[in-house]
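Before any comments, here is the structure.
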Amino acid sequence: MATIRLHDTRSAALRELMPGPGGRVGIYACGPTVYGRIHVGNARPFVVFSLLKRFLEHEGHDVTLVINITDVNDKIYDAARPLGVPSAQLAAEMATHYVADTEALGLGRPDAEPLASETIDGIVDLIAALIERDCAYAVDGDVYFRVRRDADYGSLSHRAVDEMNQGEGIEGAGRKQDPLDFALWKAQKQGEDTSWDAPWGRGRPGWHIECSAMAEQLLGVNFEIHGGGNDLAFPHHENEAAQTRMGRGAELAQIWMHNGMLQLKGMTMGKSLGNAIRLHEVVDEVGRDALIMLFANAHYRQPMLFDDERLAAAAAQVARIRDAARRLADGDSPADMRAHRDAFFAALAEDFNTAQALGVLFEWVREANRRDERVGRADLVEMLTVLGLENLLEAAGAAGPEDLELLRRRQDARACKDWAEADRLRAELAERGWTVRDGPDGAELVPRDA
Ligand SMILES: [Zn+2]
């Protein structure tokens, strides 16, 4: 089995992935807080970790991907209030939208999508363990984590303890024993319409403890990979790690993977893309193929530039693969093209470099196009499947300019009654995957399998 190395934020270095018994790899990636339709940027961790799962399965591992849905949160209360709807109703509606919006990416579902609201028992249990170990304290129905009890606090996001601000503002400031402490449980306040009973009073969980509990419930502790956007490294992931370390005496995860942010800089609003930056609008506008191709073009750790120009380039790459696919044959690829396929998977094994892998894939396509004989497609199917783009090999789709030129020449040949040439061009089109259908409005190309 190939050695796979991934960048671990905590050790600030590449670390070898060490699967559990039977090749088990647990991945937990932080999902959205459901208070509105998700932005195209929110789709990046969903795409990165769905593709990572495909790659690890290709390498023979038994992967469980968990992407949670945060459905109890201040942002949801704040969004529901002006709408005059119960916060639980807004969260349920937006969770349904989130599932549909990500479903349209065509990458399948994660193995589990836990809801915070359905993990309250696990959350209460972990908070109780922290209080028991004197790592947390209850004040007026709130519970706070005692940051200075954790000697390793700051080791994930590489910050000195005194430079850390939990971002909780003045909320709870008077009840915290130390400004560094953060909330595990918040007593129910006026205007908050969801709450649960707990030994220290009725209220609801803080955001960070939700993820520690959901991850533990589905993957145990010390699982293989914890992921999310790099904006979550502090305080969210630092706090998740601290809670589990102090409450369970174990690290939450072995490797902490962080994807870069999506940047909309340079985007020309009001043109082809319009103002579409919500995921469902982008998918409607450009299609899932170009969007997945755009994600695959960037190394997951780098910021990803998102604009019309890059989307157009990704759409052109999609067309190139569709075009090439029409000239391929079923079955094994030539042995002397195997090096491209191997280099593709080697690039993914070294910190999941989809950008480099895609470059290699296009070398394979160029080589296949260069050859006189029709090349077997097996290696290309294998590579595209890991990138979530296997559907590009399906027969459907519009004819390319070269196909249309052949069709035009066939019509000219028929007009000149050059039947031999017309037949030759029909055969050439057939080899490219097209049947010529003559109809009352002239000839058109339809995919051969249709
Ligand atoms: Zn989280």
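Of the listed requirements (1) under 31 Å from the mean Cα position of the chain (by Cα); (2) open to solvent by less than 40 Å² (accessible area, probe 1.4 Å); (3) of a type in the set (Gly, Ala, Ser), ALA136 misses just one: (1). Screening ARG149 on (1) closer than 29 Å to ILE255 by Cα; (2) open to solvent by less than 50 Å² (accessible area, probe 1.4 Å); (3) not small (Gly, Ala, Ser) shows it passes everything except condition (2).
Return yes or no: is THR102 of a type outside the set (A, V, I, L, M) and touching a residue at least 40 places away in the same chain (Cβ under 8 Å)?
Values: of a type outside the set (A, V, I, L, M): yes; touching a residue at least 40 places away in the same chain (Cβ under 8 Å): yes.
When the stated conditions are applied, THR102 passes them.
Do we find that ARG432 is modelled with pLDDT of 90 or more, basic (Lys, Arg), under 43 Å from the mean Cα position of the chain (by Cα) and open to solvent by 10 Å² or more (accessible area, probe 1.4 Å) in this structure? Here the answer is no, as ARG432 does not meet what is asked. Filtered by the rule that a residue be within 16 Å of the ligand (Cβ to nearest atom) and basic (Lys, Arg), segment 244-263 gives a lone residue, ARG245.
Scan segment 414-428 for residues that are over 52 Å from the mean Cα position of the chain (by Cα) and closer than 24 Å to VAL446 by Cβ and jot them down. Even if it seems obvious, please write down each step before you answer.
Residues of segment 414-428 over 52 Å from the mean Cα position of the chain (by Cα): 415-420.
ALA415, ASP418, TRP419, ALA420 - these are the residues of segment 414-428 that are over 52 Å from the mean Cα position of the chain (by Cα) and closer than 24 Å to VAL446 by Cβ.
One line per residue, one yes/no per condition, for (1) modelled with pLDDT of 95 or more; (2) part of a helix (DSSP H, G or I):
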{"residue": "ASP78", "(1), (2)": "no, yes"}
{"residue": "ALA92", "(1), (2)": "yes, yes"}
{"residue": "VAL99", "(1), (2)": "yes, yes"}
{"residue": "LEU107", "(1), (2)": "yes, no"}
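Looking across segment 15-33, just one residue is exposed (fewer than 14 other Cβ atoms within 10 Å of the Cβ), at pLDDT 95 or above and either β-branched (Val, Ile, Thr) or not in a strand (DSSP E or B) (or both), and that is MET18. Checking each residue in segment 39-73 for being open to solvent by 10 Å² or more (accessible area, probe 1.4 Å), more than 29 Å from ALA2 (Cβ to Cβ) and in contact (Cβ under 8 Å) with a residue 60 or more places away in the chain picks out HIS39, GLY41, ASN42, ASN73.
Residues in segment 93-110 that are charged (D, E, K, R) and closer than 21 Å to GLU57 by Cα: 2 in all. LEU328 falls short on exactly one of the conditions (1) open to solvent by less than 30 Å² (accessible area, probe 1.4 Å); (2) out of contact with any Asp or Glu (no Cβ under 9 Å at 6 or more places or on another chain); (3) of a type outside the set (S, T, N, Q); (4) farther than 26 Å from TRP434 by Cα, and that condition is (4).
Name every residue in segment 31-51 that is under 9 Å from the mean Cα position of the chain (by Cα) and among the polar types (S, T, N, Q), in order of residue number. Quick ask: steps written out before the conclusion?
At the first step, the residues of segment 31-51 found to be under 9 Å from the mean Cα position of the chain (by Cα) are 42-51.
Within segment 31-51, ASN42, SER50 qualify.
Contact map, segment 1-28: first residue at positive phi, second residue open to solvent by 80 Å² or more (accessible area, probe 1.4 Å), Cβ cut-off under 8 Å, separation 6 or more or different chains; pairs are ALA12/HIS158; GLY22/ASP62; GLY23/MET1; GLY23/ASP62. State which residue is modelled with the lowest pLDDT when the search covers only segment 224-243 and only residues that are away from the ligand (no atom under 12 Å from the Cβ) and closer than 23 Å to ALA136 by Cβ. Out of the qualifying residues, it is PHE234. The set of residues in segment 23-37 being of a type in the set (A, V, I, L, M) and within 9 Å of the ligand (Cβ to nearest atom) consists of ALA29 alone.
The values are calculated or read from the model by the stated rules, or taken from the named source; none is laboratory data. Keep in mind it's a predicted model, so treat the numbers as computed, not measured. We place every Cβ from the backbone using ideal geometry, glycine too, and count neighbours over all the protein chains shown. Protein only, heavy atoms only, side chains kept; ligands, DNA and RNA dropped before computing areas. Shrake-Rupley method; radii C 1.70, N 1.55, O 1.52, S 1.80 Å.
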